[in-house]
Amino acid sequence: MSEAIAFDTHRFVKRLTDTGFTEAQAEVLADEQVRLLNDNLATKQDLLKLQGIQKQDLLKLEGVQKQDLAELEGKLQRQMAELESKLQRQIAELETKLQRQIAELETKLQRQMAELKGELLKWMIGAMIAQTGVIVGLVLGLT
């Protein structure tokens, strides 16, 4: 890694020696200070490298998300198709059931209508016989 910042070691050593440090102590502290700064501070190049890595990571993540969304869309479409098919089968079954019930009701109504016709004919024939008897009785009574 290149030097992150410019550090004035001469000034640092001078200040330390002015406050009572030996020149050797001050130089060791200055060297350590430079090493710490260089090891712990990021340069523009470091930041650009990190930015490039982040962009790559974001592109990978975007690709994964797009793939996940495509899979989810496919799954949802399959589920919707299955649901539609199931609903169509249920509708067809219901329609068949209703048609059968309608046919049964029609048959029942036709049978009841036939029975009513028979009853009506009995009553009409009985009324005609009774009317004929009354008319015959009147005609015989008048003669």
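The values are calculated or read from the model by the stated rules, or taken from the named source; none is laboratory data. Predicted, not measured: the structure shown is a model, and the values here were computed from it. Every residue, glycine as well, gets a Cβ built from its backbone with ideal geometry; the counts of neighbours run over all protein chains shown. Areas reflect the complete protein model, heavy atoms only, side chains present, ligands, DNA and RNA absent. Shrake-Rupley method; radii C 1.70, N 1.55, O 1.52, S 1.80 Å.
What the table below lists for this structure:
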{"read-out": "Per residue value of the accessible surface for the chain (all protein chains in place, 1.4 Å probe), Å²", "value": "91"}
{"read-out": "Helix-derived mean residue ellipticity, 222 nm - over the chain, DSSP H n ≥ 4, -39500 (n - 2.57), to 500", "value": "-33000 deg cm²/dmol"}
{"read-out": "Relative contact order for the chain, counting Cα pairs under 8 Å that sit 6 or more residues apart, in percent", "value": "18"}
{"read-out": "T9 versus M113: modelled label distance in nm, points set 7 Å from Cα along the beta carbon direction", "value": "11.7"}
{"read-out": "Anchor K49: lysines whose Cα lies under 25 Å away (excluding residues fewer than 8 positions away in-chain)", "value": "K60"}
{"read-out": "Aspartates and glutamates with Cα under 17 Å of K86, excluding same-chain neighbours fewer than 8 positions away", "value": "E95"}
{"read-out": "Accessible area in the full protein assembly, largest first, 1.4 Å probe, for T22, T17", "value": "T22, T17"}
{"read-out": "Helix 23-40 vs. the chain, principal-axis angle (Cα, 0 to 90°, nearest 10)", "value": "20"}
{"read-out": "Protein accessible area in the chain, 1.4 Å probe - carbon and sulfur %", "value": "62"}
{"read-out": "The chain - Kirkwood radius from inverse mean 1/r over Cα pairs (Å)", "value": "27.2"}
{"read-out": "Surface accessible to a 1.4 Å probe, K66 within the full protein complex, Å²", "value": "130"}
{"read-out": "Efficiency of FRET between E62 and L29 - r from beta-carbon atoms, R0 41 angstrom, step 0.05", "value": "0.25"}
{"read-out": "Gain in span if fully extended, K86 to E104, counting 0.36 nm per residue against the direct Cα distance", "value": "3.8 nm"}
